[in-house]
Amino acid sequence: MNITKPYRSTIELIGNTPLVLLKGASEAAGCEIWGKCEFANPGSSVKDRTALYIIRDAEERGDLKPGGTVVEGTAGNTGIGIALVANARGYKTVIVMPDNQSKEKMDTLRALGAELVLVPPTKYADCNHFVHTSRRLAEETEGAVWANQFDNTANRKAHLESTAPELWEQLEGRIDGFTCAAGSGGTIAGTGMGLKAFDENIRIALTDPHGAALYSYFATGELKSEGSSVAEGIGQGRITANLEGAPIDTQFRVSDEEGLHWVAQMLREEGLCLGLSSGINVAGAVELGKQLVAEGRKDVRVATILADTGFRYLSTLYNPDWLRSKGLPVFDWLEQA
Ligand code: PMP
């Protein structure tokens with residue numbers, strides 16, 4: 001029996017997530033595709049790791065004192081992670097979020113006791129963008145720190161020091177490729193750097209949704225976006241500090257339709273209810289697996305990130321009216337419901 005040791009602090013529940021072989025994706029790729037179950041974190045997403053590292057770093061630097069406040073601009077998951085860690089450590093949380101994110105994330109943040117500030121979605125260059133609004137709020141609040149997940153490299157350090165060594169150990173040092181999409185870029189950069197430190201031949205691929213500029217940046221050097229995506233938490237238009245020097249060997253661009261295909265497949269055939277970024281990650285992992293197999297590599301193993309739970313998107317991804325309103329295909333079992 002594979003049983004984990006008991007923990008003496010709830011904070012220790014973050015990380016050490018299970019890794020699972022994805023049967024459908026493995027069949028499609030002709031090799032092993034493994035999913036890191038980040039939805040198994042206490043806040044149900046990969047961003048709990050980031051929240052823990054950022055808060056710990058602020059404590060160590062002496063910026064965050066007992067009773068202090070953590071302020072962040074986030075698509076939601078980082079905020080949920082921050083609220084949980086802040087509650088466990090005795091801090092207050094203020095979260096600034098674009099008002100087009102899922103209602104479940106907003107309700108969850110309020111339920112966790114975070115103060116929620118909703119702003120209209122706008123371009124990064126606009127001073128009212130959620131990131132800039134959160135920085136200003138942090139500056140104006142006594143005893144507050146700004147988490148700054150996009151440009152605070154404590155974020156990618158979380159993945160360098162935890163996600164990458166966990167994957168290496170779970171796959172017993174036999175891994176050929178890793179891929180995921182980028183929001184802040186912390187996961188792809190930190191996990192990529194960490195895995196390359198074990199074996200520089202591990203291929204690191206960025207999987208970009210439509211509407212993001214990184215596919216073009218890594219392919220041609222130019223930050224340019226095409227199309228759009230409804231995926232939450234991913235899709236970056238600039239090189240954040242977390243993305244600087246990320247060891248990206250190759251890149252894929254994946255549509256929402258392809259991502260939704262994998263979300264549907266994993267739910268109906270494997271019993272995993274996930275968000276769209278996970279579906280996009282799995283689509284990228286299948287591409288990377290096929291690429292490595294086509295080069296004649298044997299016993300190929302690729303890992304990716306199952307970033308958050310689908311229960312966070314019942315009003316969007318799993319709602320036929322919402323899917324139709326976005327011009328996206330409706331899962332056939334929802335069509336019949
Ligand atoms: N998927 C989801 C659902 C997310 O919330 C995030 C974080 N914004 C990501 C993927 C991307 O992670 P990162 O910020 O580390 O690039």
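Brief remarks on what is shown
- Matching residues in the range 139-159 - criterion: being more than 16 Å from the ligand (Cβ to nearest atom), in a loop (DSSP other than H, G, I, E, B) and at negative phi: Thr141, Glu142
- Failed condition for Glu232, given (1) at pLDDT below 95; (2) over 25 Å from Gln149 (Cβ atoms): (2)
- Of all residues assigned to the range 36-51, none qualifies as being touching a strand residue (DSSP E or B) at 6+ places or on another chain (Cβ under 9 Å), more than 16 Å from the ligand (Cβ to nearest atom) and among the aromatic types (Phe, Trp, Tyr).
- Elements of the type helices (runs of 4 or more DSSP H) sitting completely within the range 254-337 and holding at least 1 residues that are crowded, with 18+ Cβ neighbours inside 10 Å, over 15 Å from the mean Cα position of the chain (by Cα) and at positive phi: there are none.
- Among the candidates Ala111, Ala147, residue that is among the small types (Gly, Ala, Ser) and either over 15 Å from Met97 (Cβ atoms) or in contact (Cβ under 8 Å) with a residue 12 or more places away in the chain (or both): Ala147
- Per-region count, the range 68-85, residues modelled with pLDDT under 95 and over 19 Å from the mean Cα position of the chain (by Cα): 0
Yes/no per residue for (1) on the phi < 0 side of the Ramachandran plot; (2) open to solvent by 40 Å² or more (accessible area, probe 1.4 Å):
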site: Glu161; (1), (2): yes, yes
site: Ala164; (1), (2): yes, no
site: Ala182; (1), (2): yes, no
site: Met193; (1), (2): yes, yes
site: Leu214; (1), (2): yes, no
site: Gly227; (1), (2): no, yes
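- Here Arg136 meets each of (1) assigned to a helix (DSSP H, G or I); (2) surrounded by 22 or more Cβ atoms within 10 Å (Cβ to Cβ); (3) away from the ligand (no atom under 11 Å from the Cβ) with one exception, condition (2).
- Listed by first and then second residue, the pairs linking a residue in the range 73-91 that is farther than 15 Å from Arg56 by Cα to a residue that is assigned to a loop (DSSP other than H, G, I, E, B), with Cβ atoms under 6 Å apart and 6 or more places separating them unless they lie on different chains, are Ala75/Gln101; Ala75/Glu232; Ala75/Gly233; Gly76/Gln101; Asn77/Gly233; Ile80/Gly43.
- Filter result for Gly177 (under 19 Å from Ala285 (Cβ atoms), away from the ligand (no atom under 12 Å from the Cβ) and either not assigned by TED's automatic domain parsing to the domain that holds Asn77 or not aromatic (Phe, Trp, Tyr) (or both)): yes
- Residue match in the range 28-48 (condition: more than 21 Å from Asn148 (Cα to Cα) and touching a Phe, Trp or Tyr at 6+ places or on another chain (Cβ under 8 Å)): no
- Each residue in the range 55-92 was checked for being closer than 28 Å to Gly275 by Cα and open to solvent by 10 Å² or more (accessible area, probe 1.4 Å), and 7 of them qualify.
Here is a yes/no grid of residues against (1) outside the structural domain of Gly284 (by TED's automatic domain parsing); (2) within 21 Å of Ile280 (Cα to Cα); (3) open to solvent by less than 50 Å² (accessible area, probe 1.4 Å):
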| site | (1), (2), (3) |
| --- | --- |
| Thr4 | yes, no, no |
| Ile14 | no, no, yes |
| Pro18 | no, yes, no |
| Leu21 | no, yes, no |
| Ser26 | no, yes, yes |
| Ala29 | no, yes, yes |
| Ile33 | no, yes, yes |
| Lys36 | no, yes, yes |
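The values are calculated or read from the model by the stated rules, or taken from the named source; none is laboratory data. Bear in mind that the values here come from a model prediction, so they are computed numbers and not experimental data. Every residue, glycine as well, gets a Cβ built from its backbone with ideal geometry; the counts of neighbours run over all protein chains shown. Accessible surface is based on the protein model in full, side chains and every heavy atom, while ligands, DNA and RNA are left aside. Shrake-Rupley method; radii C 1.70, N 1.55, O 1.52, S 1.80 Å.
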